[in-house]
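Okay, structure first, notes after.
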Protein chains: 2
Amino acid sequence: MTFEVQILGYGAAAPTLRHMPTSQLVNVHDKMFLVDCGEGTQVQIRKYRIKFQKIDHIFISHLHGDHFFGLIGLLSSMHLLGRTKDLTLFAPKGLQKILETQFEASETRLKFQLIYIDSKTNQRKLLFEDKTLEIYGFPMKHRIPTTGFLFIEKPRKAKIRKSFIKAYNLCIEEMVQIKNRKDVHRSNGDVISWEECTFDLEQIKSYAYCSDTAPCESVRENAKGVSLLYHEATFHSSLKDRAKSTFHTTSEDAGKIAQEAEVGKLVIGHFSSRYIDENILLNEARTYFDQTELAFEGMKLVITDKANAVRSEDMNT
Amino acid sequence: MTFEVQILGYGAAAPTLRHMPTSQLVNVHDKMFLVDCGEGTQVQIRKYRIKFQKIDHIFISHLHGDHFFGLIGLLSSMHLLGRTKDLTLFAPKGLQKILETQFEASETRLKFQLIYIDSKTNQRKLLFEDKTLEIYGFPMKHRIPTTGFLFIEKPRKAKIRKSFIKAYNLCIEEMVQIKNRKDVHRSNGDVISWEECTFDLEQIKSYAYCSDTAPCESVRENAKGVSLLYHEATFHSSLKDRAKSTFHTTSEDAGKIAQEAEVGKLVIGHFSSRYIDENILLNEARTYFDQTELAFEGMKLVITDKANAVRSEDMNT
């Protein structure tokens, strides 16, 4: 089952010609979720030939401009190009007024329904759920309320070993229970363990998105054991005071968090524009967590079926 | 004296990878004026190595997104990069609320003063004036209130021919009058014509910006005789009904307007994204007005000292 993250932009607030501001596309089982939407995101979406009318859910972490200034343009283009499907926005409450003020000024009456869901939370909160996926918001630690997002597959039905069906003479009801990962309790007192009867369980794939934030316990808890963690690393540890005063993270701390949370892979981004050679940040993070990569525009991270393996592709080539 | 217009973007509303939305930089006597500011303008400003802190005045024609969605990002960057100088915005009234709502949400307190001047007008209105330049707003005809902008040099002091100083035995007061283009009336009844005594007057340079609008009398009047006219030509005349219903102009009408207004040069832009080869628009406009050019990103139009001569340069090369 598809579980991919594509980096559309990962710059920090001050603009450069080298980076686009933050935006990512998360594709889980062919459902497209946009996470943050800095200025120019709609151009990036076109550049990477993504069908943007397929995006039905947009998640905005917080209301600093480099994470949402591109949203009004994207929504306007969706409208201009004939969208009629609902679109759900998981975002801080203030966003609704920001968008409506602009639609009003241009006398735009959207042809599609915008559904606003407040993403602000003090604890892990389920924001979205379908048959195979759950998306949670969780609090982070920034200058204004900021939410991290956790994408996590629902456990699939377990596969039963044929030999056990015979051995235990399982009836259909009992098999359903076992597939749903529940032990069978028979009237004679026998207990049949679902784990004993099943095999080759695929790893649950998961992704945690954490930008922007100071290092915090909530990230460590919510990103615990994820296949892939995107964490900001705005500064090198030589600027840790600056990181602290602006509520950002150093590459040292990002590496430590990945190590402590025992994630599969770490991708760092949201680098201050002062770093021309970002390897200084990569090297520092790798000191603490070897499985670290630098984000780049057009990077696609594919979470494979193998436990915690993440393959990285370059969509620019 | 410098009088240049640089095209940063000229696309119509629907975004493409070929065009940026509308924005221009007008440089008159080394004062930088930004006209419209579609999404991504700040990146274009950086691309063409323009010092954006030199921009002290921004003009927004109307509140359709492709003309102002880049403004909030540009202002935020100016703030982030330490601007303290005032900045004046000539724009429809609604813009103030749009910007303030966003600054409030991100808890941004600008370090510089934003001065809002309402650009909406039913007749030619003086918006800006300094020693050498006047900038007027004038009404155009679009779906929402839209203002055209006219940049026009003030008449410079006339130069007196030395031979006439002697011949008329001009005193200092009389010379000042003549330099200010006023005839001298002597107590003995003699009248000395300022035009007779002066020479080699430079042509007054002027520029009219007209996007977006249906063809209208106000443009013809206000662009009368300008050195350079930028006029939208969203559609070819084969789509004149579409142009009419959306309050846009065809390339046929743009050519006719330039001819009737007797301008020096016409540059057309704001093309619908349906035109892959825009020469169809150029050719049609040229049928009516030979001195027509297509806009392109990075095009610099230099109004030279020679009467109505406009030199076009490519800043991409």
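Things to note:
- Averaging the sequence gap over all C-alpha pairs within less than 8 Å and six or more residues apart, then dividing by the number of residues, gives region A:175-306 a relative contact order of 21 percent.
- By the Stokes-Einstein formula, at 1.306 mPa s and 10 °C, region A:116-198 with its Kirkwood radius over alpha-carbon pairs has D equal to 101 µm²/s.
- Taking a point 7 Å from the Cα of B:Glu313 along the Cα-to-Cβ direction, the residues of region B:1-39 with backbone N closer than 12 Å to it are B:2-6.
- With 30 Å as the limit on Cα-Cα distance, the pairs of B:Lys120/B:Lys300; A:Lys93/A:Lys179; A:Lys182/A:Lys205; B:Lys54/B:Lys306; A:Lys97/A:Lys131; A:Lys93/B:Lys244 that go past it are A:Lys93/A:Lys179; A:Lys97/A:Lys131; A:Lys93/B:Lys244.
- Equivalent ellipsoid semi-axes, region B:158-317, via Cα gyration tensor eigenvalues times 5, rooted, Å: 45, 17, 11
- In this calculation the C-beta distance from B:Lys120 to B:Asn180 is compared with R0 = 30 Å, giving a FRET efficiency of 0.30.
- Taking amide hydrogens as placed 1.01 Å from N in the peptide plane, the amide H of B:Lys120 sits under 5 Å from those of B:Lys93, each at least 5 positions away in sequence or on another chain.
- Centroid-to-centroid separation of region B:73-109 and region A:160-201 [C-alpha atoms, Å]: 64 Å
- For region A:198-245, the C-alpha radius of gyration divided by 2.2 N^0.38 Å, with N the number of residues, is 1.56.
- Checking every one of the trypsin sites (Lys or Arg not before Pro) in region B:1-106 against DSSP loop status and a limit of 15 other Cβ atoms within 10 Å picks out B:Arg18, B:Arg49, B:Lys51, B:Lys85, B:Lys93.
- Of the beta bridges in the protein assembly as shown, as assigned by DSSP with both residues counted there, near 60 percent are antiparallel.
- Compactness of region A:159-253, expressed as Rg and Dmax over alpha-carbon positions, Å: 23.2, 67
- Dipole moment magnitude, nearest 20 debye, region B:2-60 about Cα centre, only Lys, Arg, Asp, Glu C-beta charged: 260 debye
- Integer Hz, Karplus 6.51/-1.76/1.60 couplings in order for region A:42-58, x for Gly and Pro: 4, 6, 4, 4, 5, 4, 8, 6, 8, 7, 6, 6, 7, 7, 10, 9, 10
- Threshold 20 Å², region A:92-117 residues less accessible with all protein chains present than alone (1.4 Å probe): A:Lys97, A:Ile98, A:Thr101, A:Gln102, A:Ala105, A:Ser106, A:Glu107
- Of all stretches in chain B that contain no GluC sites (Glu not before Pro) in a DSSP loop with at most 15 other Cβ atoms within 10 Å, the longest one is B:1-106.
- Annotation for region B:153-193: trypsin sites (Lys or Arg not before Pro) lying in DSSP loop with at most 15 further Cβ atoms inside 10 Å of their Cβ are B:Arg156, B:Lys157, B:Arg161, B:Arg181, B:Lys182, B:Arg186.
- Put simply, the C-alpha atoms of chain B give a gyration tensor, and the ellipsoid matching it has half-axes of 37, 26, 17 Å, longest first.
- Euclidean distance of C-alpha centroids, region A:240-274 and region A:7-51, integer Å: 20 Å
- All Cα pairs of region B:204-282, percent lying beyond 16 Å: 43 percent
- Amide H contacts under 5 Å for A:Lys159, placed H, 5+ residues apart: A:Phe199
- Region A:188-317 - accessible surface per residue (Å², probe 1.4 Å): 43 Å²
- Note, ³J(HN,Hα) from phi for region A:72-86, Karplus 6.51, -1.76, 1.60, rounded to Hz, x at Gly and Pro: 4, x, 5, 5, 4, 5, 4, 5, 4, 8, x, 4, 10, 5, 4
- Kirkwood hydrodynamic radius of region A:11-71, from inverse mean 1/r over distinct Cα pairs, in Å: 11.7 Å
- Globularity index of region A:240-290, i.e. its alpha-carbon radius of gyration over 2.2 N^0.38 Å: 1.11
- Taking only the C-alpha atoms of region B:78-139, the Rg (one decimal) and the largest Cα-Cα distance, Dmax (whole number), read 14.1, 40 Å.
- Per residue of chain B, the DSSP helices (runs of n ≥ 4 H) give a summed -39500 (n - 2.57) that works out to -7000 deg cm²/dmol at 222 nm.
- For region B:1-41, the alpha-carbon radius of gyration amounts to 1.28 times the rule-of-thumb value 2.2 N^0.38 Å expected for a compact globular protein.
- Kirkwood hydrodynamic radius over Cα pairs of region B:18-165, then Stokes diffusion coefficient at 37 °C and 0.692 mPa s, in µm²/s: 199 µm²/s
- Counting Cβ atoms of other protein chains within 10 Å of each residue's Cβ and taking the mean over peptide B:57-66 gives 3.
- Using distinct alpha-carbon pairs, which all enter the 1/r mean, Kirkwood radius of region B:42-127 in Å: 13.7 Å
- Diagonalising the gyration tensor over the Cα atoms of the protein assembly as shown and scaling each eigenvalue by 5 before taking the square root yields semi-axes of 62, 26, 19 Å, largest first.
- The Rg/Rh ratio of region B:265-317, with Rg taken over Cα atoms and Rh as the Kirkwood radius over Cα pairs, comes to 1.00.
- In region A:233-317, the trypsin sites (Lys or Arg not before Pro) that fall in loop regions by DSSP, at most 14 other Cβ within 10 Å: A:Arg274, A:Lys306
- Average beta carbon contacts from partner chains per residue of A:32-42, 10 Å cutoff: 2
- Taking every C-alpha pair closer than 8 Å and separated by at least 6 residues, the mean separation divided by the residue count of chain A gives a relative contact order of 16 percent.
- Counting Lys and Arg as +1 and Asp and Glu as -1 over every other residue whose Cβ lies under 13 Å from the Cβ of A:Leu25, the net charge comes to +2.
- Built amide H within the under 5 Å cut-off of B:Met299, gap 5+: B:Ile7, B:Met315
- Dipole of region B:209-305, positive end: most advanced residue of B:Val267, B:His236, B:Ala254 [Cβ charges, Cα centre]: B:His236
The values are calculated or read from the model by the stated rules, or taken from the named source; none is laboratory data. None of these values were measured; they are calculated from a predicted model. FYI the Cβ positions are ideal-geometry reconstructions off the backbone, even for glycines, and counts take in every protein chain you see. Heads up: the accessible areas ignore ligands, DNA and RNA and are worked out on the full protein's heavy atoms, side chains in. Shrake-Rupley method; radii C 1.70, N 1.55, O 1.52, S 1.80 Å.
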